[in-house]
Amino acid sequence: MFIKYLFFFCNNCYMQLPIGEAKTFRGIVDVVTKEQVIWKSATGLDDGKNFEQKPLKEAESPDLLKDTIDARTTLIEQVADLDDEFAELVLGEFSEDFDSLPADKLHSAVRRVTLAQKAVPVFCGSALKNKGVQPLLDAITMYLPAPNERNYEFLQWYKDDLCALAFKVLHDKQRGPLVFVRIYSGTMKPQSAVYNINKNLTERMSRLLLPFADQQIEISSLTAGNIALTVGLKKSATGDTIVSSKASAKAAAQKAGKAVGSNCGQTGGVENLLLAGVEIPEPVFFCTIEPPSMARQQDLDNALACLQREDPSLKVKIDADTGQTILCGMGELHIEIIHDRIKREYGLETYLGPLQVAYRETIQNTVHATDTLDRIIGEKRHQVTVELGLSPWNGEGSATAPVIEYAENTCNPLQPELREAVENGIHTLYLHGPLLGFPVQDVVVTVHAVAANADTSPTMISACVSRCMQKALKKADKQVLEPLMNLEITVGENHLGAVLGDLAQRRGSIQEIQSRQDNKVVVASVPLGKMMGYSTTLRTLTSGSGTFTLELASYQAMSLHEQTALLNKRIGLA
């Protein structure tokens with residue numbers, strides 16, 4: 001199948017013409033060189049490996065040659081409009097005969113406009129039969145920037161020191177975790193120690209491999225711009241920044257801090273220089289997962305630990321009340337894939353509980369609470385009194401982490417150890433709301449007073465703070481928040497009415513309906529709780545032709561009716 005990749009935000013430079021289309025597609029013509037590439041099947045295998053490259057001759061394909069010359073003229077005119085150097089060359093030496101313009105001059109001009117992000121070269125091919133892959137790879141080398149042509153601002157602080165990003169983790173039964181890294185500066189060598197800034201630890205890399213599909217070649221070193229596969233990094237995960245040493249990381253941060261301070265007229269520092277990792281949204285679905293027997297619980301824990309390193313969007317936690325393992329993911333399909341991988345890769349027949357939506361809880365009014373804990377453990381008396389105030393968050397966006405404030409008379413007297421114990425207690429209870437046990441958000445916690453005797457342990461202080469906060473949450477007017485999703489549905493016009501009617505029943509809010517070629521694109525927002533099993537419903541409504549994407553937008557307050565219905569359902573009254 002012939003595919004054109006169109007970029008509507010930029011100028012498209014069509015670099016190839018197809019020879020045939022759909023089932024008859026068998027090759028391409030390079031518009032720049034006027035050469036044709038024909039893929040041929042060998043021994044009955046049409047896998048795209050075997051091809052023939054030869055000049056396009058008028059005697060063989062006069063119509064195709066004419067189309068190629070016209071396409072080349074259009075390409076030259078288009079690039080000349082975007083690149084002044086190329087325009088001077090064309091108008092000066094080749095104004096009367098574009099056909100005599102050397103291919104290397106056109107290649108250089110296309111590369112310049114690509115690097116300047118003024119145009120996008122467009123190629124064609126067939127993913128089904130791997131046709132067009134070789135010219136596409138050549139074009140990547142020819143037109144896209146080399147590593148030393150990219151200007152990353154942070155590299156000036158590392159200079160020639162190692163700086164790399166871990167972007168993927170795989171687990172091999174023989175070699176353990178394999179970490180893919182992209183090297184931005186410096187050189188990486190095997191049998192060397194590297195420092196993980198995110199995890200604040202040093203690890204030793206035993207081997208360095210160069211990946212080629214499912215094959216790996218062991219190498220002695222690798223420089224900037226390359227992707228390497230490392231063996232021996234036990235703790236590194238997706239999104240971690242890896243440098244040569246802790247001293248190197250500190251030195252780079254100090255240099256960056258001095259630059260920031262001089263630009264802002266202040267003296268300050270930058271704590272860490274981290275590469276941009278992967279932004280992972282919070283999970284919106286969860287369910288329980290159980291092993292076939294308690295004897296296999298440790299195997300399940302190990303499998304889940306490995307899968308979490310490979311997939312940062314997967315979260316695993318233990319229910320404090322029941323002791324069950326909770327699997328949290330981004331959607332129904334995500335959790336199904338994890339379930340299948342546990343069975344296929346780790347040989348565990350696990351059982352999943354019913355899929356549930358991850359709600360949140362908040363409060364609607366300001367409340368105060370005081371609590372005292374007095375315990376004698378051994379020969380020590382642990383006595384602490386805490387006074388807290390809770391109020392709704394009124395700032396911009398959502399406050400998923402607790403916003404902790406200290407009253408004026410409380411801030412200075414608190415020792416660092418005491419303050420840490422107080423904040424640990426707040427964070428602990430923030431994970432379990434008073435209504436349904438979901439995490440709390442958009443709450444400001446004000447610490448008015450903390451009084452503890454000298455023998456009181458930090459653990460007891462945290463426990464008292466948690467109990468006081470729980471008391472305050474129970475006194476407040478509570479509100480359940482449900483995840484609101486951005487929904488985009490692509491559907492044929494003849495099925496549009498049925499899809500819109502179904503969305504109305506799901507409390508969906510239609511924002512706009514766009515046209516995209518022969519299809520309609522419905523942009524809407526809809527509560528996640530109403531989207532259970534939607535993929536099956538959409539296939540039924542559109543005879544399998546409709547597709548959709550979901551993305552978490554925010555958490556919004558449920559109506560009183562919906563909240564009451566949810567509470568009754570959870571306690572078994574509905």
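Just a few scattered comments:
- When the residues of region 105-125 are filtered to those that are out of contact with any Pro (no Cβ under 9 Å at 6 or more places or on another chain), touching a residue at least 40 places away in the same chain (Cβ under 8 Å) and not in a helix (DSSP H, G or I), the one that is most open to solvent (accessible area, probe 1.4 Å) is Q117.
- Every pair of residues 6+ apart whose Cβ atoms lie under 7 Å, when the first sits in region 162-185 and is within 17 Å of F212 (Cα to Cα) while the second is acidic (D, E) and modelled with pLDDT under 85: L178/D172
- Enumeration of residues in region 387-419 that are among the small types (G, A, S), touching a helix residue (DSSP H, G or I) at 6+ places or on another chain (Cβ under 9 Å) and modelled with pLDDT of 90 or more: G389
- Test for L128: is it in a helix (DSSP H, G or I) and among the hydrophobic types (A, V, I, L, M, F, W, C): no
- Qualifying residue in region 554-566 (condition: aromatic (F, W, Y) and free of Cβ contacts under 8 Å to residues at least 60 places away in the same chain): no
- Residue within region 137-158 that is open to solvent by 60 Å² or more (accessible area, probe 1.4 Å), farther than 30 Å from K189 by Cα and within 27 Å of the chain's Cα centre (by Cα) present: no
- Conditions (1) open to solvent by 80 Å² or more (accessible area, probe 1.4 Å); (2) closer than 18 Å to A320 by Cβ: number failed by P416: (2)
- Residue satisfying condition, being surrounded by 14 or more Cβ atoms within 10 Å (Cβ to Cβ) and under 24 Å from V440 (Cα atoms), within set T385, T322: T385
- Within region 166-180, tally of residues that are under 16 Å from the mean Cα position of the chain (by Cα) and surrounded by 20 or more Cβ atoms within 10 Å (Cβ to Cβ): 2
- Among residues of region 243-276 being open to solvent by less than 60 Å² (accessible area, probe 1.4 Å) and of a type in the set (V, I, T), the one that is modelled with the highest pLDDT is V243.
- Residue within region 330-343 that is in contact with a His (Cβ under 9 Å, 6 or more places away or on another chain), more than 30 Å from T446 (Cα to Cα) and either of a type in the set (V, I, T) or not in a loop (DSSP other than H, G, I, E, B) (or both) present: no
- Checked against (1) over 22 Å from Q216 (Cα atoms); (2) more than 23 Å from the chain's Cα centre (by Cα); (3) charged (D, E, K, R); (4) open to solvent by 60 Å² or more (accessible area, probe 1.4 Å), K131 passes all but a single condition, namely (4).
- Enumeration of residues in region 207-218 that are closer than 16 Å to L233 by Cβ and either of a type in the set (V, I, T) or part of a loop (DSSP other than H, G, I, E, B) (or both): none
- Identity of the residue in region 477-489, open to solvent by 30 Å² or more (accessible area, probe 1.4 Å) and farther than 26 Å from I363 by Cβ, that ends up farthest from the chain's Cα centre (by Cα): E488
- Restricting attention to region 352-380, the residues that are open to solvent by 50 Å² or more (accessible area, probe 1.4 Å), closer than 22 Å to G425 by Cα and of a type in the set (D, E, K, R) total 3.
- Residue in region 379-402 that is charged (D, E, K, R) and touching a Pro at 6+ places or on another chain (Cβ under 7 Å) present: no
- Residue check for D240: open to solvent by less than 60 Å² (accessible area, probe 1.4 Å), acidic (D, E), in contact (Cβ under 8 Å) with a residue 12 or more places away in the chain and closer than 19 Å to C306 by Cβ: yes
- Region 222-237, residues that are farther than 14 Å from Y184 by Cα, open to solvent by less than 30 Å² (accessible area, probe 1.4 Å) and part of a loop (DSSP other than H, G, I, E, B): G232, L233, S236, A237
- Residue in region 420-429 that is under 23 Å from Q563 (Cα atoms), of a type outside the set (K, R), under 38 Å from the mean Cα position of the chain (by Cα) and at pLDDT 85 or above present: yes
- Filter result (part of a loop (DSSP other than H, G, I, E, B), of a type outside the set (V, I, T) and modelled with pLDDT under 90) within region 312-329: P312, S313, D319, A320, D321, G323, Q324
The values are calculated or read from the model by the stated rules, or taken from the named source; none is laboratory data. The structure displayed is predicted, hence computed values, not measured ones. Cβ sites come from the backbone with ideal geometry, for glycine too, and all protein chains shown count toward neighbours. In case anyone asks, the SASA skips ligands and DNA or RNA and just uses the protein heavy atoms, side chains included. Shrake-Rupley method; radii C 1.70, N 1.55, O 1.52, S 1.80 Å.
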